[in-house]
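Please treat every number below as a calculation from the coordinates, not as lab data. Given the structure is predicted, the values throughout are model-derived calculations rather than measurements. Reconstructed Cβ throughout: ideal geometry from the backbone, glycine too, with neighbour counts over all protein chains shown.
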Amino acid sequence: EVGRSTEVLVLHSLPRTHMGSVIAHELGHFLIHQWGFPDLPDQVEEGLCELLACTWLTSQAGDPYAEYHYRLKLTNQDPIYGEGLRAALTAVGGNHEFSVQLFDFVRQHGHLPKTVGPR
């Protein structure tokens, strides 16, 4: 099937924190595929995946590299990854944690909501 992979490759020399955020991001793609999402605009899919990466990064309390990498994601000017993340964060009211409500909404509607309300 075009565009589908069965493995995630991560560079051997990545720092642990960076590797964790890459794996979290790629896990997002896996979940989107496994949970039967419709084809999503790139900005929506990458925004959800970046939100998962940020969830992992913020769980690394006290790790200055995680804090730095998180800030880089928040200020990323890329129209797909950066804007997608900011749209996903807006949808969850700025909360950087994984939101089942958000994923359910996107699976049902194929786009990000303005907000998914209280968690």
> Which stretch or stretches of the stretch 24-43 have amide N atoms under 14 Å from the point lying 7 Å from SER59's Cα along the Cα→Cβ direction?
Replying inline: 24-28
> In percent, how large is the relative contact order of the chain, given Cα pairs closer than 8 Å and 6 or more residues apart?
Replying inline: 26 percent
>> Taking R0 as 22 Å, what FRET efficiency do you get between ARG71 and ILE23 from their Cβ-Cβ distance, rounded to the nearest 0.05?
In response: 0.65
>> Can you give the local net charge around TYR70? Use residues other than it whose beta-carbon is closer than 11 angstrom to its beta-carbon, Lys and Arg +1, Asp and Glu -1.
In response: -1
